[in-house]
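Student: Take a look at the following structure, please.
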């Protein structure tokens, strides 16, 4: 396993991607959070993520109240879960009714 800061990884990103594709465990950290590089196919939004499409369509309809960083993180985590990412457990969260102000 190799652990690097984001700054260190930026200088060697191509090499790190190749190592992750060979099966090496690569952990990137910003000091507070960590992520793991792992091989996988690029996300096809049309095929892989109807949940993301639904969220984007809701945003187009407006009016809306902006999502907090925590709410956005939860949405992204649910999308990742629905696209088959391993190592996470699915959690349900209440839907957000956001009709609070009219668009100008």
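Student: Measuring from label point to label point, each 7 Å out along Cα→Cβ, what is the residue 1 to residue 82 span in nm?
Tutor: Using points 7 Å along Cα→Cβ, the separation is 3.1 nm.
Student: Stretched out fully, how many nm does the piece from residue 11 to residue 33 gain, at 0.36 nm a residue minus the Cα gap? Can you show the working numbers first?
Tutor: Details: separation 22, 0.36 × 22 = 7.92 nm, distance 1.94 nm.
Going from the current span to full extension adds 6.0 nm.
Student: Now, a different point. Could you put 49, 68 in order, starting from the residue whose Cβ has the fewest other Cβ atoms within 10 Å?
Tutor: Result, fewest neighbours first: 68, 49.
Student: Give me P(r) over region 1-40, computed from all C-alpha to C-alpha distances, binned every 5 Å, as integer percentages.
Tutor: Computed distribution, short to long bins: 6, 28, 36, 22, 7, 1.
Student: Would you mind ranking 73, 22 by Cβ crowding within 10 Å, fewest neighbours first?
Tutor: Values: 73 11, 22 8.
Least to most surrounded, the residues fall as 22, 73.
Student: Still on this structure: Using only alpha carbon pairs under 8 Å that are at least six residues apart, calculate the relative contact order of region 1-40 and give it in whole percent.
Tutor: 43 percent
Readers should treat all values here as calculations from the given coordinates under stated rules, not as data from a laboratory. Model, not experiment: these values are computed from the prediction. With ideal geometry, Cβ positions are generated from the backbone for all residues, glycine too; neighbour counts draw on all protein chains shown.
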